[in-house]
Amino acid sequence: MRVSTQFPIAVHALLMIAYFPDIRVTSEMVAESVGNNPVIIRNIYGKLKKADILYIQRGTGDTKLKKPANEITLWDVYKAVETDDVSEVFKFPDTLSGVCPIGSSIRELLLIHLQDAVTALKNSLSATTIEELHVEICMHINQKIDFPSIVAWYKEHGFENQVKTEGR
């Protein structure tokens, strides 16, 4: 399954907004951090705004999370910038034969099983919030702990959805 770069860029932008709450995180700032064009970031901002994840003030372009970071899951972000329609996630050729018993049946047959894959993706991405990633970033920067150790520790101790920050 292929996901465009919009998803990781959207997560990147939301993390910057969460990490720098007192700074106006512009599309230019995110573009510089991501190494991309500000127009692409503005398009992603638009999708996040439409999904009620991001607030963008007209005129000043001030950006804020529209709801608390612990209520924004990676699945919310994914849905905002990608599709969750199984027939769009897994594309079939338009040239399937209607005469061949395989060509005429493969799409309908596979979609049943591929929906399970999209459901697994949804369940996995729903288990992680922007707040959790924010905490992990802060711990990595402040304590120089490697990401795999942080994530493994959280999962091992059942804290996946109960992360709280101190002093932030």
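What ³J(HN,Hα) values, in whole Hz, does the Karplus curve 6.51 cos²θ - 1.76 cosθ + 1.60 give for region 31-47 when θ = phi - 60°, with x put for Gly and Pro?
So the J values, rounded to whole Hz, are 4, 5, 5, 7, x, 9, 7, x, 5, 5, 5, 4, 5, 5, 3, x, 5.
For a paramagnetic label modelled at 7 Å from the Cα of residue 87 toward its Cβ, which residues of region 100-125 fall within the zone defined by backbone nitrogen distances under 11 Å?
Residues 107-108, 111 fall inside that zone.
Points 7 angstrom from Cα along the Cβ direction at residue 151 and residue 22: gap in nanometres?
Result for the modelled spin labels: 3.2 nm.
Pick from 117, 18, 152: which residue has the top mean-square fluctuation in a GNM of the chain where Cα pairs under 10 Å get a spring?
Among 117, 18, 152, the largest mean-square fluctuation in the Gaussian network model of the chain belongs to 152.
Against the longest alpha carbon principal axis of the chain, how many degrees, from 0 to 90 and to the nearest 10, is the axis of helix 106-126 turned?
The helix 106-126 is inclined about 10 degrees to the chain.
Using label points projected 7 Å from each Cα along Cα→Cβ, tell me how many nm separate residue 127 and residue 141, to one decimal.
Computed distance between label sites residue 127 and residue 141 equals 2.7 nm.
Between beta-carbons, use under 14 Å as the cut-off and find the net charge around residue 107, counting Lys and Arg +1, Asp and Glu -1.
-3
Using only the Cα atoms, what convex hull volume per residue in Å³ does the chain have?
In the chain, the Cα hull volume divided by residue count equals 147 Å³.
Computed from the coordinates by the stated procedures, all read-outs in this text should not be read as laboratory data. Predicted model only: the values in this text are computed from it and were never measured. Please note: Cβ atoms are built from the backbone with ideal geometry, for glycine as well, and neighbour counts cover all protein chains shown.
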